[in-house]
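Let me begin by presenting the structure, written as structure tokens, before commenting on it.
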Amino acid sequence: MKIFKARRKNVIFVATVISGCLLFLFQNCSKGFEVKEDLLSQGAILDYGLKLDSQYLSSLTTSDNISYWQQDSQVLVDNTPAIATDWSMLAVITNTADGDLVSVNSGSGSEESRMTISGGKITLTQISNASNYAISEFPTTGFNPTTILAFSSGPKISNAVVLVDGYLQKASTISTGTNLDFSLLAKALEFNSSKVKEIIFYPRALNAAELNVMSRHLALKYNLKTVVLDPAVLDNPSSGGGSSGGGGSGESAQALAAVAVINNRCLSCHSSSNNGDFRSLTTSKAIQKQLITAGNLANSKLYYRLSGSSTAGGPKNMPMSGSIPPSEVQAIEAWILSIQ
């Protein structure tokens, strides 16, 4: 069992070039599309992945608050301040036998957040004291010979986000005590070095989109073709959703997904001022152009003109070049409703 003690060093974790991640995404998006084919087209997924990597990858791989360990080189970097309730982890797992995988604890034996592999399931346990605890299971569809596990914690067990090989997992809380907010100031990070090739800790809660970006980043490093961009991260409340009034890195996950659909379905016609210019569309531009109204589908021209929309407001004959999958209509709907 390797242990990190909380102390700070000046270390920079070097990133793989973003273009390499995009190449990997392109090579592997077909599997994710087959699993989630009713959500986004391949082109929209690729465009979304490009923007997602551009938004998150640099900050996730150059932070000076990352702790990590690599089995092959035996490099252990403990660069993290004392971890509180919110923390995140990514692990490259090669041994999925039952047993503890990782723990953050106060050193007193009472305050602990622990992740365990048991019977093909991932089990998360949060313990504050004998009466305040929670246990949640994340059933998986199975582990690959080398699996990338991504995890983010929070004050309640319901805040936890788990991805396996890029796929968002659904959890069920199976046991709780008084169900108070979980409070922890960790003095130690522990992990089972017999199970992992590499492990990375962050002293904050990463959202589902960030966890997916880093999962694919590690997959590129280890040449794993089983890790994908899972569009389900768009629907996760911890994936960076909510209002967004600006462009670039300020766009929400819902906005990025909707714009990816628009770029794929609409730009063949709407790429000039004569016919409505949808190029380089952002949330603020869409509002300024009166294409959408925040939180209001019926008053959002871009939405109610779609052939699969569910509101009144005008003719539903777009796109003219053909039909649009219901899931892509839903992506635009989710974007508009997320804007406050």
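For this structure, a couple of remarks:
- Equivalent ellipsoid semi-axes - Cα gyration tensor, region 107-160, angstrom: 23, 11, 10
- For L101, the residues whose modelled amide H falls within less than 5 Å of its own, excluding neighbours fewer than 5 places apart on the same chain, are M115, T116, I117.
- Label-point gap, in nm, between L267 and Y222 - each point 7 angstrom along Cα→Cβ: 3.4
- Full extension of the chain between S307 and Q70 gives 80.2 nm of extra length, using 0.36 nm per residue less the Cα-Cα distance.
- Gain in span if fully extended, K316 to S131, counting 0.36 nm per residue against the direct Cα distance: 61.0 nm
- S284-A188 pseudo-label distance in nm [points 7 Å out on the Cα-to-Cβ vector]: 4.9
- Each residue in D98, D53 was given a count of other beta-carbon atoms within 10 angstrom of its own, and listing them fewest first yields D98, D53.
- Added length on full extension, which subtracts the Cα-Cα distance from 0.36 nm per residue, Q340 to A298: 13.6 nm
- Here r is the Cβ-Cβ distance between T62 and D86 and R0 is 25 Å; the resulting FRET efficiency, rounded to 0.05, is 0.80.
- For N132, the residues whose modelled amide H falls within less than 5 Å of its own, excluding neighbours fewer than 5 places apart on the same chain, are T178.
A short reminder: the numbers here are calculations on the coordinates, not readings from a lab. None of these values were measured; they are calculated from a predicted model. Cβ coordinates were reconstructed from backbone atoms using ideal geometry, including for glycine residues, and neighbour counts include every protein chain displayed.
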